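Following: one structure in structure tokens, then a few remarks.
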Amino acid sequence: MRNWVKNENVQMTAIAITTAVGAQFKINPFREDYFRIGLGVSILLFLLMIMPHLSYVKTGILTGIANLLFQSVDLINHVQTVSILESMRDNLGAGVYYVVFAYGLSMFKHRFHEMQPLLLGGLITCIDFSSNLVELLFRGMLSGTNIFYMKEWLYLLVVGGLRSYFVIGLYNSIAVRQMRLLHAEQEKRMEQMLSVNSGLYGEVFYLKKAMNTIEGITADSYDLYRDLREQDMNQYSQRTLGIAQQIHEVKKDSQRILAGLLKLYDNEKAVNMSLSEVLNFASKANRKYSEMLHKQVEIDIEQQYDCESPYYIPLLTVMNNLIANAVEAIEHDGTVRIHVYEQEDDVHFVVMDTGKGVPEAKRDVIFEPGYTTKFNEVGIAATGIGLSHVRDIVHSLTGQITVESAPLGARGTTFRIAIPKMNLIKGADVDDTFYHDRG
């Protein structure tokens, strides 16, 4: 059934019949004549514009034949004394009109989307008017009807213009709606892709850091094995060698996992993204997160600097986690303010919240590995990316991150990040500078 509907011949036949039926709703502009203006041409124009893959000429021929048959039968029903041949002769011009109209459209079908609506409407009006003149010419030749009425010609031109612009307006309104729906769908997919890439970047970051640790442990274990062997402590040296070998196997497994992740996350192929887009995606995701937590959190963005950056995924990872932490720190309702500005050679990112704040005694340890304040109901700590890794990502861009509590009498926490502007624009070696510190 679906293949039958997608068949082009079936589609063209359906257009022809629909147009012929629509043409039955008509007016007669000329006195004592069978020349009529109906809805058929408007229907044909609209359907051809939304189905540009069809052959316009074939559709026009089928429409002309269908219109000739429908109007001939309709004329016989209304005028009993008219024969079939006379009826077809009187309506042959109407059939020719659709063929000429479709042929005229076919000459410009591939340029419809390039032309301005006003220009396109004028072009279709000219094609409509020319087709009407050809129809009148046929009627004059076959029926002896006088076609030289300037008033009626002007009427045809006006009617052609009105219906052409009406159909174009209807088509454009539908096209605009489809574009908005498509844009919304693309934006949703972009959000999902960025969310996945941000999380994936954090996992790759974790794994690379763990592999560096594993490498160090392997080397230390092997050094300990050699020391024990030199001291003739063979029993312990063999056990130490076994541990070193097991750690080496863990490293190889981690390398295989990392290789698979890097195939998914390939920052070499990533395009640039502006800071404003990064902030927009991060704020939108965390507004949904606050709703999921049943909190009333307002996220305000004050952006005084913007640029394109190839490292939007690391930036999104950092901003996403800082904003998420701020949302979690707010008990029921509050505000998260994000301020981005340029100062000298650095770009500053400031994330302020009205949450419970960070005690002064813990301010120096929140960036330490393993530190967390998030535990579930059975006391198990959270496993998400921590502030220590946020700090390492910032350091990978040779940036700094600091934390400070709100002024006396106020609630909340403020995180301040400063990253060299040139590193955001040209990019730093993010993959290999995990531990670089600006001091």
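For Asp392, Asp333, Asp227, give me the order by solvent-accessible area with a 1.4 Å probe, most accessible first, ignoring ligands, DNA and RNA.
Listed by decreasing accessible area, they come as Asp333, Asp227, Asp392.
For an R0 of 60 angstrom, estimate the FRET efficiency from the Cβ-Cβ distance between Ala14 and Ser274 and round to the nearest 0.05.
Calculated value: 0.80.
Please list the non-local residues whose amide H lies under 5 Å from the amide H of Met273, H modeled 1.01 Å from N, same-chain partners needing a gap of 5 or more.
Ser309, Tyr312
So if R0 is 30 Å, what FRET efficiency would Ser254 and His53 give, r being the distance between their Cβ atoms, rounded to the nearest 0.05?
Values: r = 51 Å, r/R0 = 1.72.
Calculated value: 0.05.
Thr335's amide H: which non-local residues (gap 5+, or another chain) put their own amide H closer than 5 Å, with H modeled 1.01 Å from N in plane and none for Pro or chain starts?
Sorted by chain and number, the residues that satisfy this are Glu298, Thr354.
How large is ³J(HN,Hα) for each residue in segment 241-250, as worked out from phi by the Karplus curve 6.51 cos²θ - 1.76 cosθ + 1.60 (θ = phi - 60°), to whole Hz, x for Gly and Pro?
Along segment 241-250, the couplings run 5, x, 5, 4, 5, 5, 5, 5, 5, 4 Hz.
What distance in nm lies between label points placed 7 Å from Cα along the C-beta direction at Asp227 and Val158?
10.3 nm
Would you mind checking which residues have amide H under 5 Å from Ile301's amide H? H placed 1.01 Å from N; only 5 or more apart, or other chain.
Amide H neighbours of Ile301, under 5 Å, 5+ apart: Ile338.
Quick check: pseudo-label points 7 Å beyond the Cα along Cα→Cβ at Phe166 and Glu302, how many nm apart are they?
Going from the Phe166 label point to the Glu302 one covers 5.5 nm.
If r is the Cβ-Cβ distance from Gln343 to Met115 and R0 is 51 Å, what FRET efficiency results, to the nearest 0.05?
The computed FRET efficiency comes out at 0.55.
With each label point set 7 Å from Cα along the Cα-Cβ vector, what nm distance links Val73 and Asn7?
According to this spin-label approximation, the distance is 2.1 nm.
The values are calculated or read from the model by the stated rules, or taken from the named source; none is laboratory data. What you see is a predicted model, and the numbers here were worked out from it, not measured in a lab. Positions of Cβ are generated from backbone atoms using ideal geometry, with glycine treated the same way; all protein chains shown enter the neighbour counts. To get the accessible areas, we keep the full protein, side chains included, count just its heavy atoms, and leave off ligands, DNA and RNA. Shrake-Rupley method; radii C 1.70, N 1.55, O 1.52, S 1.80 Å.
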